[in-house]
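Chemist: Submitted below is the structure of interest, expressed as structure tokens.
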Amino acid sequence: MRAWYKTVTWLWVLAPLSGLFALISGLRRWLFRRGSKAVYRAPVPVIVVGNLTVGGNGKTPLVVWLVAWLRRQGYTPGVISRGYGGKAEQYPLLLKANTGPGQAGDEPVLIYRRTGCPVVVGPKRGEAAALLATLGVDVIISDDGLQHYALARDIELVVVDGKRRFGNGHLLPMGPLREGLWRLKRVDAIINNGGPAETGEFLMTLKPGALQPVGGTQAVPEPGETVNALAGIGHPPRFFATLEQLGFILKQRLALADHKAVTPAQLTGLQSAPLLITEKDAVKWPGGHDNVWFVPVDAQLPAEFEQLLLTRLKELDHGD
């Protein structure tokens with residue numbers, strides 16, 4: 001909701017609902033802490049990559065980066081996810097080469113295709129982690145799930161949108177927060193996507209790669225050309241700004257809700273130029289445009305963050 005990131009007085013009418021949300025979520029955390037609700041402890045370390053706000057903050061690029069980084073350290077990582085937007089016949093679901101976003105959701109499919117590591121989705125992350133642990137992985141990365149306290153975790157990483165940050169600072173539905181800002185003091189690291197990073201945060205930058213074809217055999221669009229752009233992510237303006245920074249001239253921009261697929265009718269007005277889309281949109285591309293390219297991005301993080309991770313992993317003791 002755009003109003004969360006502006007000074008909008010009418011949102012105060014939602015204050016009672018935010019108070020109720022705080023009460024219910026606080027009670028839920030307390031029940032997990034005292035053992036009244038079951039918590040699954042995986043036999044291998046679990047790293048949760050989450051956020052405090054609703055909407056996309058850049059978790060998926062960080063998950064992909066983590067898989068590659070862990071492999072370089074000698075680990076065999078796997079990923080679990082809720083699989084938002086997918087509807088499988090049975091959970092937990094282990095992704096295969098022919099698993100589509102309709103079954104697993106767009107982000108898990110993207111992670112699987114980019115990394116090739118085992119990916120399991122399911123609404124109960126404990127069940128997903130239990131299945132993943134039988135597949136030979138020695139570290140589990142949870143894509144989202146900071147508030148999924150039914151799964152025990154060893155390392156918590158919070159991704160913050162460097163531009164929008166925490167909006168008006170209020171809990172849902174008055175603001176974008178799933179938990180209060182106090183939660184930041186209990187995580188292992190705060191990753192700032194796009195900066196400027198505040199004290200104690202690690203800056204993550206997303207480096208665009210070469211354009212990749214989605215369909216058609218047209219020539220690759222070059223910086224300086226006029227293109228159309230489409231993004232169905234948490235914050236589409238970030239993608240549009242990236243294209244302009246690369247030198248493309250944007251004729252038309254179509255911003256969709258996060259995880260939402262484009263319809264053929266929406267493509268009617270985008271046929272006048274090459275169409276540039278995000279990698280997440282490419283995963284669920286329906287066709288309907290013969291000159292489409294997606295922009296892959298790779299996360300870049302400082303050496304200090306790598307050292308923190310390495311230290312924390314070495315400190316963990318799972319009885320090995």
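Chemist: Among 200, 168, 73, which residue has its Cα furthest toward the positive end of the charge dipole of the chain, with +1 on Lys/Arg Cβ and -1 on Asp/Glu Cβ?
Modeler: So the residue furthest toward the plus end is 168.
Chemist: Could you pull out every residue, at least 5 positions away or on a different chain, whose amide H is within less than 5 Å of the one on residue 53? Hs are placed 1.01 Å off N in the peptide plane, and Pro or chain starts have none.
Modeler: When sequence neighbours closer than 5 places are left aside, the close amide H contacts are 178.
Chemist: Which ³J(HN,Hα) values in Hz, rounded to whole numbers, follow from the phi angles of the range 206-215 under the Karplus curve 6.51 cos²θ - 1.76 cosθ + 1.60, where θ = phi - 60° and Gly and Pro get x?
Modeler: The phi angles translate into 10, 9, x, x, 5, 4, 10, x, 9, x Hz.
Chemist: Turning to a different aspect of this structure: Just to verify a number: what accessible area does residue 281 come out at with the full protein assembly present, 1.4 Å probe, Å² rounded to tens?
Modeler: Only protein atoms counted, so the area is about 10 Å².
Chemist: Okay, moving on. Does the range 137-209 come out rounded, prolate or oblate by the C-alpha gyration tensor, with a ≥ b ≥ c the root eigenvalues, rounded set by a/c under 1.5 and, if not, prolate when a/b is larger than b/c and oblate if not?
Modeler: On the way: a/c = 1.75, a/b = 1.08, b/c = 1.62.
Since a/c reaches 1.5 but b/c is at least a/b, the shape of the range 137-209 is classed as oblate.
Chemist: While we're on this one: With the Cα gyration tensor of the range 35-89 in hand, give its eigenvalues times 5 under a square root as the equivalent ellipsoid semi-axes, listed largest first in whole angstrom.
Modeler: For the range 35-89, the ellipsoid semi-axes come out as 21, 19, 13 Å.
Chemist: OK, next. Helix 15-33 versus the longest principal axis of the chain: what angle, 0 to 90°, nearest 10, using Cα atoms?
Modeler: Taking Cα atoms only, the helix is inclined about 50 degrees.
Chemist: Would you please give the residues with an amide H less than 5 Å from that of residue 160, counting only those at least 5 places away or on a separate chain, with H modeled from the backbone geometry?
Modeler: Hits under the 5 Å cutoff: 191, 192, 193.
Chemist: With every protein chain in place, what's the accessible area of residue 127 (1.4 Å probe, Å², nearest 10)?
Modeler: Looks like 90 Å² after rounding.
Chemist: Angle, helix 106-115 long axis vs. longest principal axis of the chain, Cα atoms, 0 to 90°, nearest 10?
Modeler: With both axes taken from Cα atoms, the answer is about 90 degrees.
Chemist: Once you put a point 7 Å from the Cα of residue 217 and another 7 Å from the Cα of residue 241, both along the Cβ direction, what distance in nm separates them?
Modeler: Placing both labels 7 Å along Cα→Cβ, they lie 4.0 nm apart.
Chemist: Here is a further query. Let me know the volume per residue of the alpha-carbon convex hull for the range 106-178, in Å³.
Modeler: Numbers: hull volume 9.6 nm³, N = 73.
Expressed per residue, the convex hull around the Cα atoms of the range 106-178 is 131 Å³.
Chemist: Kindly report, to the nearest 10 Å², the accessible surface of residue 36 as traced by a 1.4 Å probe over protein heavy atoms only.
Modeler: 60 Å²
Chemist: Between the range 251-320 and the range 115-141, what's the alpha-carbon centroid distance in Å?
Modeler: With the range 251-320 and the range 115-141 each reduced to a Cα centre, they are spaced 22 Å.
Chemist: Starting from a Cα-only point model with no solvent, please compute log10 I(q)/I(0) by Debye for the range 224-276 at q = 0.13, 0.25, 0.30 1/Å.
Modeler: So the normalised log intensities work out to -0.29, -0.97, -1.21.
Chemist: For each pair in 87/251; 37/185; 185/251; 6/37; 37/87; 37/314, compute the distance between the two Cα atoms and list the pairs where it is over 32 Å.
Modeler: Pairs exceeding the cut-off: 87/251; 185/251; 6/37.
Chemist: To the nearest 0.05, how large is the calculated FRET efficiency for residue 252 and residue 7 if R₀ is 35 Å and r is the Cβ-Cβ distance?
Modeler: E(calc), rounded to 0.05, equals 0.70.
Chemist: Helix 303-315 versus the longest principal axis of the chain: what angle, 0 to 90°, nearest 10, using Cα atoms?
Modeler: 30 degrees
Chemist: Here's a follow-up. Dimensions of the range 83-221 along principal axes (Cα, Å, largest first)?
Modeler: 45, 43, 32
Chemist: What percent antiparallel are the DSSP beta bridges of the chain, to the nearest 5?
Modeler: Restricted to the chain, the bridges split so that about 20 percent are antiparallel.
Chemist: Right, here's the next one. Rounded to a whole number, what is D in µm²/s for the range 15-154 from Stokes-Einstein with the Kirkwood radius over alpha-carbon pairs (20 °C, 1.002 mPa s)?
Modeler: Values: Rh = 15.6 Å.
In µm²/s, the coefficient is 137.
Chemist: What ³J(HN,Hα) values, in whole Hz, does the Karplus curve 6.51 cos²θ - 1.76 cosθ + 1.60 give for the range 248-261 when θ = phi - 60°, with x put for Gly and Pro?
Modeler: Per residue, the Karplus-derived 3J(HN,Hα) values read 7, 9, 8, 7, 9, 10, 10, 9, 10, 5, 4, 6, 7, 7 Hz.
Chemist: Okay, moving on. So what's the back-of-envelope 222 nm ellipticity for the chain, counting only DSSP H runs of four-plus at -39500 (n - 2.57) apiece and dividing by all residues, rounded to 500?
Modeler: Values: 8 runs with 84 residues, N = 320.
Mean residue ellipticity at 222 nm (helix-derived): -8000 deg cm²/dmol.
Chemist: Share of antiparallel DSSP beta bridges in the range 184-320, in percent to the nearest 5?
Modeler: Looking only at bridges with both residues in the range 184-320, the antiparallel portion is about 30 percent.
Chemist: If you compute Rg/Rh (Cα atoms, Kirkwood Rh) for the structure shown, which of (1) 0.97; (2) 1.06; (3) 1.28 do you land on?
Modeler: Structure-derived value, by its label: (1).
Chemist: Hey, another quick one. Take 153, 71 and sort them by solvent-accessible surface of the protein heavy atoms, 1.4 Å probe, largest at the top.
Modeler: 71, 153
Chemist: Give the whole-number value, in cubic angstrom per residue, of the convex hull volume spanned by the C-alpha atoms of the range 210-308. All intermediate terms of the calculation are to be shown ahead of the outcome.
Modeler: Details: hull volume 11.1 nm³, N = 99.
Per residue, the Cα convex hull of the range 210-308 comes to 112 Å³.
The values are calculated or read from the model by the stated rules, or taken from the named source; none is laboratory data. The structure displayed is predicted, hence computed values, not measured ones. For neighbour counting, all protein chains shown are included, and Cβ atoms are generated from backbone atoms with ideal geometry for every residue, glycine included. Ligands, DNA and RNA are excluded from the accessible area calculation, which covers all protein heavy atoms including side chains. Shrake-Rupley method; radii C 1.70, N 1.55, O 1.52, S 1.80 Å.
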